[in-house]
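A.B. asks: The structure follows.
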Amino acid sequence: MVYIALAKIYEHRLKQYDRALDIAKRGMVYCLERFDLNERKQQEYFQDLSHRCKRLTRKMEDHHGNHDRF
């Protein structure tokens, strides 16, 4: 799925966590609007994006927290 691939690029290569989070959230909305989440593969896409959003949120909080200490 393109949303997952783009979020990975922004997260891992470009280190733009805020942009990666935005893309992952858009992917989740797309899944809810377009997919039948009763189908296994589509459910896996949604779960991947959800997990990615949680991880990115933690990364952003950690990143901002470290800057505030200095």
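A.B. asks: Going by average Cβ density within 10 Å per residue, which order do the peptides 51-57, 18-24, 36-42, 8-14 take, highest to lowest?
C.D. replies: 18-24, 51-57, 8-14, 36-42
A.B. asks: On to the next question. Would you work out the relative contact order for the chain, in percent, from Cα pairs under 8 angstrom that are 6 or more residues apart?
C.D. replies: 32 percent
A.B. asks: What is the sum of charges, Lys and Arg at +1 and Asp and Glu at -1, for the other residues whose Cβ falls under 14 Å from the Cβ of Glu33?
C.D. replies: +2
A.B. asks: Return the inverse of the average 1/r over all pairs of distinct C-alpha atoms in the chain, which is the Kirkwood hydrodynamic radius, in Å to one decimal. Working shown, then result.
C.D. replies: Working: mean 1/r = 0.0799 Å⁻¹.
Over the chain, the inverse of the mean reciprocal pair distance is 12.5 Å.
A.B. asks: Using a Gaussian network model of the chain whose springs link C-alpha atoms within less than 10 Å, name the residue from Tyr30, Tyr17, Tyr45 with the highest mean-square fluctuation.
C.D. replies: Between Tyr30, Tyr17, Tyr45, it is Tyr30 that shows the largest mean-square fluctuation.
A.B. asks: Now for a different question. Using only DSSP helix segments of four residues or longer, with each worth -39500 (n - 2.57), what per-residue ellipticity at 222 nm results for the chain after dividing by its residue count and rounding to 500?
C.D. replies: Per the formula, -26000 deg cm²/dmol.
A.B. asks: Moving on. Calculate the spin-label point distance for His51 paired with Leu32, positioning each point 7 Å from the Cα along the beta-carbon direction, and give it in nanometres.
C.D. replies: 2.1 nm
Every read-out reported here was derived from the displayed coordinates using simple, explicitly stated rules and does not represent laboratory data. Remember, it's a predicted structure, so these values are computed and weren't measured experimentally. We place every Cβ from the backbone using ideal geometry, glycine too, and count neighbours over all the protein chains shown.
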